[in-house]
Amino acid sequence: MIPASFDYEVAESAEHAVSLLADHGDEAKLLAGGHSLIPMMRFRLAAPTVLVDVGRLDDLRYINSANGTISIGALTRHSELEHSALLAESCPMLASVAALVGDPAVRHRGTLGGTLAHSDPASDLPAAVLALGATIVARGPGGDREIAATDFFTGYFESALADDEMIVEVRVAASAGGWNYQKFNRRAQDWAIVGVAVAEGGAGVSLVNMGATPLRASAVEAAVAAGASAGDAAAVAADGLQPPTDLNADADYRRHLARVFTQRALKAAGVA
Amino acid sequence: MTMTDDPATHMGSHRLRREDPALLTGEAQFIDDMSLHGEIWVGIVRSTEAHATILGVDGRAALEIDGVTEVLSGADLAPLWGEGALPCAWPVTDDMRDPAHLPVATSVAKYVGDAVAVVLADSRYAAADGAAAVSVDYDPLPAVVDIEAAVAEGAPLVHEDLGTNESYTWPLIPDPKAVDAAFAGAAHVVSERYVQQRLIPAPMEPRGVIAAPGVANGELTLYSATQIPHILKVMTAVTLDIPEHKIRVVAPSVGGGFGCKLNVYAEEILCCALAMDRGVPVRWTEGRSEAATATIQGRGQVQHIELAADADGKVQAVRVKLLADMGAYLQLVTPGVPLLGAFLYHGCYDVAHYSFECTSVFTNKTPTDAYRGAGRPEATYAVERAMDSLAVAVGVTPEEIRSRNFIAADAFPYESCAELTFDSGDYQAVLDKAVAMADLESVRAEQAQRRADGSNRQIGVGLSSYVEMCGLAPSRVLASLNYGAGGWEAATVRVLPTAKVQVITGSTPHGQGHETSWSMIVADKLGIDPDDVDVLHSDTAISPTGLDTYGSRSLSVGGTAVFMATDKVLDKARLIAAHQLEANEDDLEYFDGAFQVKGTPTAAVPFAAIAFAAFTAHDLPDGMEPNLEAHVTYDPPNFTFPNGTHIAVVEVDTETGNVDIVDYVAVDDCGNQVNPMIVEGQVHGGVLQGAAQALYEDAVYNEDGQIVTVNLGDYLVPSAAEAPVYRVASHVTPSPTNPMGVKGIGEAGTIAATPAVINAVVDALRPTGVTDVTMPASPQTVWRAINEAQGGAS
Amino acid sequence: MESVKFAVNGTERSLEVEPRTLLVHALRDELRLTGTNIGCDSSSCGACTVLVDGQSAKSCTMFAVQADGADITTIEGVADADGKMHPMQQAFHEHHALQCGYCTPGMVMAAISLVEEYPELDDHSVRHGLEGNLCRCTGYQNIVNAVLAVAGSGSATPIRPYQSGQGE
């Protein structure tokens, strides 16, 4: 299918992108890798009148490490996370989760900033960033601000970003604890029916596709902190959640899957 | 045909395909790759309602769009086709109800996707914009979605004027009393209900059409991504009242069909009608989401099957009642699809008494029609699932229950209870080979261990022994089934002056490798290199006579025509050689590309010399026509009956319901094989399509008749990551029906795989009390089946 | 309309396109490079896979304007100058890894990129590496074997991005 028409602007810098967003208001959308936005535009589920292309901002493609903090430029592509020696050493979960996003062609184009800004509750990397307790740096007309990942995902495909802000960087602490990511789907290329990310030996646990946003599984984290077994901690994984119903899973089955895969992820991450 | 070790013999060898280079380099031309000067684009506005009165079509917004030239409602277009409606060529009963089916609906839309208006535009993008901008005013009517609901008292009617949702009822009950008696006296009665979900065929190439008029002479060339250019030509002529000799149909490279391009579609008739009316080329390319409702779907049946068996599990009678979903209209062979399975519900088993009855039903959904296997996968699924239930009832293994019931190898030709004559086979040998390859002893030991351990990864073994009727078909048999055409195939073998050969075939390949296989047949018979044989097809101007490719018929019917035409060429060549050698033709033998006098190798005439002599015609026998060319139209005397046993081994995660196929063994008897490489490829792809019905694919409609699985993100065509590794072997019993002894392999994998996989899933879950899993056996479905069997909350 | 310049199979091309023009339509309809096919509208099937700066990309999920300045390789550009097929094309031929051939250009491009990106490939990783490319004919086994043959032979000769500005 064919997207509706739009005007196209190329951002020369993040500041330029932000000013273009400010000029065009909520009619405008940022275009990075386009792998979330373009499919929606092809089905005309999204029809922005202006696209601001930030895909050429190569200065926002980097993975650095300093003082125990890893800084990742927002335009860094999934495949770059996947193959990063630095991440393999200092934050292997992020590299491994990136390797499970879509398929190789998607990973060559999709960006970390783009997938976070899109805030799809079924996406892998938002959940990983949540479990890792990352900080998201947003740039707006007034400069940069830091947003904790736990505060970032505010609703169904909604984030804490203002209309005139863009993500420029994601920061995560170097992570040495046990970790695991469980992604359950029917075809390898598909979104997770349910996913579970466990970081830092169970100190950070998050859930994919179990609600309107990627979710931090606080009750599980608390149970692990209190010394619960993987099975006991996982038993509370779906408590109070209202997961969606779709072709692949209804809410009850999703709650069940969340418990099963939380237990498997915790065990794989070293929780007894 | 003989399969020898002679290196000069190509048949039976893994010869690489000549089709590949053009496809691998992007040179091959598919329909959307073409472009004609002055062409206009069609965008189709499709009903968003399953059943609604069309109150109005408003094209004003569309006409504001740059590039959009016209917006036409069904009423605007009606004069273009006059009385003509889309054809159904298979009125299976004399009283079958076949509602008029216009290419674009005029007053009532009857399914989501029904064409209700058309936009003409000067570009692909403008056509899409225009179609999106047309607004249609609907007054919704009650929709009937479920086939069992469709036949319930008081159901809404798809076609109010018919007064019923039933299209026809077709029985095949040779001896009703004998069936009743068998059931009355049975030690075991198995009674099962199965649902064949609807499937979206999804060849990787969507459909496309370009209709190009020849204005000066009233001619029309129709380019279409079709399996059936020949049938399409006839039907276009009849539907639009265009003289048939003015129509040329060309199928360019076609990116798969699987039955869904075996049709005469609204868009083909629409583009032809517009092209003739406007005098310019008119084109349309289907989008993938559009294909979900604009192209026919497969399957769609509720099956009731009963087996009556004696105490040993020997089946005495089979009784079947089907409800078959036609969708909103009858497409080309929609009503005939259940009949293609109607004769095979006793499977490959020696059963005395048979009762089959199909009632076909209209619903407010996309029409169904042929999809890989067409009727035979459904039949095989029912009987193979029921045989496993019988095995449980009798207390024997699935392979034992099959062995006790197989038609014996010495019983061929075998007159079946459904009044067919099976050609050849050794079903027990095939099963034995499959069981050995699968090493069932070890697999069952592992299964027992895991059951004892209470593992959450349970193993299951599923067998499926099938027989199918292929080689469609003896024309007289088709007549008895009320089919609107014959079942023959045509071939011409033309020897050029330089001894290169052109084969013109009425078969229409779309991935099967006919060019390679046909060249091997001809080359072997003529003793020449296959590269010296060109194979022409798929253009009615080049290949005017044919009945095209479907139903695993190409090799056994079309290939046989090629084989026989080559024989005729040789017969004539022999006369020329005898004339030149001044020998009696009976004293000649054809060896290594030359005729020689038996026992006198020095007296020989090479084929090339005969070819040139036929061309110059300087010295031919008295009365002989020049040139060396023969045409054969072959009408098969019987169907062919490929058969086999497939075994699936699955691992089920009982915590999540996830199913993995961990081993897959296929042993098939498709008769002699011209190119075993191509045979294996057909088995691989067929198996995955069958396994996909078992585990992944489902055309899901909601209760309002809205289709939910519109694109390939939601309709789960499996990828390499989901596909199993196939271990494939064959057991050959040549078919006596045709001179090459071939049977057909195009549909075998799809027929066999679905019940093999589901039988394996049920076998894995047997300790949990599960006796059936509905298709597709998605993780959620399997998990819920386990819960329900164990009486737990679901 | 926007001006776009990119190198396609080593030749600089300039186009005027609507911003919404998908790269695949620019290649097929404007440049008449019709080897790259379209099989879906949801970025699911991979029939439209090309190489952008040496890496596989679904050309239905890129606007042509995003490719401005890029090096693009399509199926028409992988055989060598004499027309000898790329080892991946040859392996597909020799392993009967295609039937109808419609998914094949995209599958070959994805496979070339895969072998380049992942030096260590086995059956499992090839299958997952091609999970975004759907084939309805082959059941994949022969495709996997073809890719493994190339991966194991060292004859992959990855497609490097053509040098920008070549021919200028």
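Quick note: the coordinates plus some simple rules give every number you see, no bench work behind them. The shown structure was predicted, so the numbers you read here are calculated from the model rather than taken from an experiment. FYI the Cβ positions are ideal-geometry reconstructions off the backbone, even for glycines, and counts take in every protein chain you see.
Arranged by the count of other C-beta atoms within 10 angstrom, fewest first, what order do B:TYR265, B:TYR168 take?
Numbers: B:TYR265 24, B:TYR168 21.
If I rank by nearby Cβ atoms, fewest first, I get B:TYR168, B:TYR265.
Expressed as a whole percent, how much of the Cα-Cα distance distribution for the stretch A:180-268 exceeds 18 Å? Spell out each step's value before the answer.
Working: 1315 of 3916 pairs.
Tail fraction, whole percent: 34.
Taking the Kirkwood radius as the inverse of the mean 1/r across Cα pairs, report the Rg/Rh of the stretch B:503-604.
Radius of gyration relative to Kirkwood radius: 1.08.
Say the cut-off is 26 Å between C-alpha atoms; which of A:LYS29/A:LYS183; B:LYS233/C:LYS58; B:LYS261/B:LYS743; B:LYS525/B:LYS598 go over it?
Values: A:LYS29/A:LYS183 29 Å; B:LYS233/C:LYS58 37 Å; B:LYS261/B:LYS743 23 Å; B:LYS525/B:LYS598 18 Å.
Checking Cα-Cα distances, A:LYS29/A:LYS183; B:LYS233/C:LYS58 exceed 26 Å.
Taking the Cα centre of chain B as origin and charging only Cβ (+1 Lys, Arg; -1 Asp, Glu), how large is the dipole, in debye to the nearest 20?
On the way: 47 positive and 104 negative charges, 75 e Å.
Using Cβ point charges on Lys, Arg, Asp and Glu, chain B gives about 360 debye.
For the stretch B:498-512, what does the Karplus curve 6.51 cos²θ - 1.76 cosθ + 1.60, with θ = phi - 60°, yield as ³J(HN,Hα) per residue in whole Hz, taken in order and with x for Gly and Pro?
Listing the rounded values in order: 8, 6, 6, 10, 10, 10, 10, 10, x, 6, 10, x, 8, x, 7 Hz.
Take every DSSP beta bridge whose two residues both sit in the protein assembly as shown, then give the antiparallel share in percent to the nearest 5.
Numbers: 152 of 189 bridges.
Once the DSSP bridges in the protein assembly as shown are tallied, antiparallel ones form about 80 percent.
Per residue, how much space in cubic angstrom lies within the convex hull of the C-alpha atoms of the protein assembly as shown?
Working: hull volume 230.3 nm³, N = 1234.
About 187 Å³ per residue, rounded to a whole number.
Report the dimensions of the stretch C:87-153 along its three principal axes from the alpha-carbon atoms, largest first, rounded to Å.
Cα extents, longest axis first: 29, 22, 17 Å.
Counting only helical runs of four or more DSSP H residues, what would the 222 nm mean residue ellipticity of chain C come to if each run contributes -39,500 (n - 2.57) and the total is spread over all its residues?
Estimated from H runs of four or more residues: -7500 deg cm²/dmol.
Cut-off is 10 Å between beta-carbons; in what order do B:PHE258, B:PHE615, A:PHE6, A:PHE152 appear when sorted fewest neighbours first? Could the numbers behind the result be given before it?
On the way: B:PHE258 29, B:PHE615 16, A:PHE6 21, A:PHE152 24.
If I rank by nearby Cβ atoms, fewest first, I get B:PHE615, A:PHE6, A:PHE152, B:PHE258.
With Rg and the Kirkwood Rh both taken from Cα atoms, where does Rg over Rh land for chain A?
Working: Rg = 18.2 Å, Rh = 18.7 Å.
Dividing the radius of gyration by the Kirkwood radius yields 0.97.
For a quick check: with amide H placed at 1.01 Å from N, whose amide H comes under 5 Å from B:VAL467's, ignoring anything fewer than 5 positions away on the same chain?
The list, which skips near neighbours in sequence, is B:CYS348.
Rounded to a whole number, what is D in µm²/s for chain B from Stokes-Einstein with the Kirkwood radius over alpha-carbon pairs (4 °C, 1.567 mPa s)?
Numbers: Rh = 27.8 Å.
Calculated translational D: 47 µm²/s.
Multiply the residue separation of B:ARG766 and B:THR48 by 0.36 nm, subtract the distance between their alpha-carbon atoms, and state the gained length in nm to one decimal.
Details: separation 718, 0.36 × 718 = 258.48 nm, distance 4.33 nm.
Gain on stretching B:ARG766 to B:THR48: 254.2 nm.
If only Cα atoms are counted, what is the Rg of the stretch A:7-53, and what is its Dmax, in Å?
Every Cα atom of the stretch A:7-53 included, Rg and Dmax give 10.4, 31 Å.
So if I place +1 on the C-beta of Lys and Arg and -1 on the C-beta of Asp and Glu, and nothing else carries charge, what would the dipole magnitude of chain C be about its Cα centre? I want it in debye, nearest 20. Let's see the in-between values first.
On the way: 10 positive and 21 negative charges, 76 e Å.
My answer is approximately 360 debye.
Taking every eigenvalue of the Cα gyration tensor of the stretch C:2-75, multiplying by 5 and rooting it, what semi-axes result, largest first, whole Å?
Details: eigenvalues 59, 35, 23 Å².
Each semi-axis is √(5λ); the values are 17, 13, 11 Å.
Given Cβ point charges of +1 (Lys, Arg) and -1 (Asp, Glu) and nothing else, what value in debye, to the nearest 20, does the dipole of the stretch C:87-153 about its Cα centre take? Present the calculation step by step, with values, prior to reporting the outcome.
Numbers: 2 positive and 7 negative charges, 61 e Å.
That gives a dipole near 300 debye.
Calculated FRET efficiency, B:VAL189 and C:ASP123, Cβ-Cβ r, R0 45 Å, to nearest 0.05?
On the way: r = 46 Å, r/R0 = 1.01.
Plugging the Cβ-Cβ distance into 1/(1 + (r/R0)^6) gives 0.50.
Under 5 Å between amide hydrogens, which residues at least 5 positions from B:VAL662 or on another chain qualify, with H placed 1.01 Å from N in the peptide plane?
It is B:VAL649, B:VAL650, B:GLU651, by chain and number.
Taking all pairs of different Cα atoms in the stretch A:58-173, averaging 1/r and flipping that mean, what Kirkwood radius in angstroms comes out? Intermediate values should be presented prior to the final figure.
On the way: mean 1/r = 0.0720 Å⁻¹.
Mean inverse Cα-Cα distance, inverted, gives 13.9 Å.
Identify, among A:PRO126, B:LEU339, A:VAL220, the residue whose Cα sits farthest towards the positive end of the charge dipole of the protein assembly as shown, taking +1 on the Cβ of Lys and Arg and -1 on the Cβ of Asp and Glu, with the dipole about the Cα centre.
The one lying farthest along the dipole's positive direction is A:VAL220.
Taking 7 Å along the Cα-to-C-beta vector as the label spot, tell me the B:ALA479-B:GLU219 distance in nanometres, rounded to one decimal.
It works out to 3.5 nm between the two label points.
Test of the criteria: in the stretch B:418-469, which trypsin sites (Lys or Arg not before Pro) are in a DSSP loop and have at most 15 other Cβ atoms within 10 angstrom of their Cβ? Before the final figure, lay out each step's value.
Working: sites: B:LYS433, B:ARG444, B:ARG450, B:ARG451, B:ARG457; in loops: none.
For trypsin sites (Lys or Arg not before Pro) across the stretch B:418-469 that sit outside H, G, I, E and B with at most 15 neighbouring Cβ atoms in 10 Å, the list is empty.
Given the rule -39500 (n - 2.57) for each run of at least 4 DSSP H residues, summed and divided by the residues of chain B, what is its mean residue ellipticity at 222 nm, to the nearest 500 deg cm²/dmol? Mind dumping the intermediate values first?
Details: 21 runs with 232 residues, N = 794.
So the calculated ellipticity at 222 nm is -9000 deg cm²/dmol.
In percent, how large is the relative contact order of chain B, given Cα pairs closer than 8 Å and 6 or more residues apart? Working shown, then result.
Details: 2005 pairs, mean separation 119.5, N = 794.
Computed over chain B, the figure is 15 percent.
Which ³J(HN,Hα) values, rounded to whole Hz and listed in residue order, are derived for the stretch B:135-143 from phi using the Karplus coefficients 6.51, -1.76 and 1.60 in 6.51 cos²θ - 1.76 cosθ + 1.60 with θ = phi - 60°, glycine and proline given as x?
My calculation for the stretch B:135-143 gives 10, 10, 9, 10, 10, x, 10, x, 10 Hz in order.
Could you pull out the GluC sites (Glu not before Pro) across the stretch B:605-707 that fall in loop regions by DSSP (anything but H, G, I, E, B) with no more than 11 other Cβ atoms inside 10 Å? The partial results should precede the final answer.
On the way: sites: B:GLU629, B:GLU651, B:GLU655, B:GLU680, B:GLU697, B:GLU703; in loops: B:GLU655, B:GLU697, B:GLU703.
Taking the stretch B:605-707 and a limit of 11 other Cβ atoms within 10 Å, the loop GluC sites (Glu not before Pro) found are B:GLU703.
How large is ³J(HN,Hα) for each residue in the stretch B:62-68, as worked out from phi by the Karplus curve 6.51 cos²θ - 1.76 cosθ + 1.60 (θ = phi - 60°), to whole Hz, x for Gly and Pro?
Result, rounded to whole Hz: 5, 5, 6, 7, 4, x, 8.
For B:ASP668, C:ASP53, what's the fewest-to-most ordering of other Cβ within 10 Å of each Cβ? It would help to have the intermediate numbers written out before the result.
Values: B:ASP668 29, C:ASP53 17.
Ascending Cβ contact count within 10 Å gives the list C:ASP53, B:ASP668.
Where in the stretch B:132-241 are there GluC sites (Glu not before Pro) that are in a DSSP coil and have at most 11 other Cβ atoms within 10 angstrom of their Cβ? Don't jump to the answer; show the numbers that get you there.
Working: sites: B:GLU148, B:GLU153, B:GLU160, B:GLU166, B:GLU192, B:GLU219; in loops: B:GLU153.
The qualifying sites are B:GLU153.
Can you tell which of B:PRO243, C:VAL8, B:LEU63 lies farthest toward the positive end of the dipole of the protein assembly as shown, using +1 and -1 charges on the Cβ of basic and acidic side chains (Lys, Arg; Asp, Glu)?
C:VAL8
Positive end of the dipole of the protein assembly as shown, charges at C-beta (+1 Lys, Arg; -1 Asp, Glu), about the Cα centre: which of B:SER389, B:PRO606, C:PRO19 has its Cα farthest in that direction?
B:SER389
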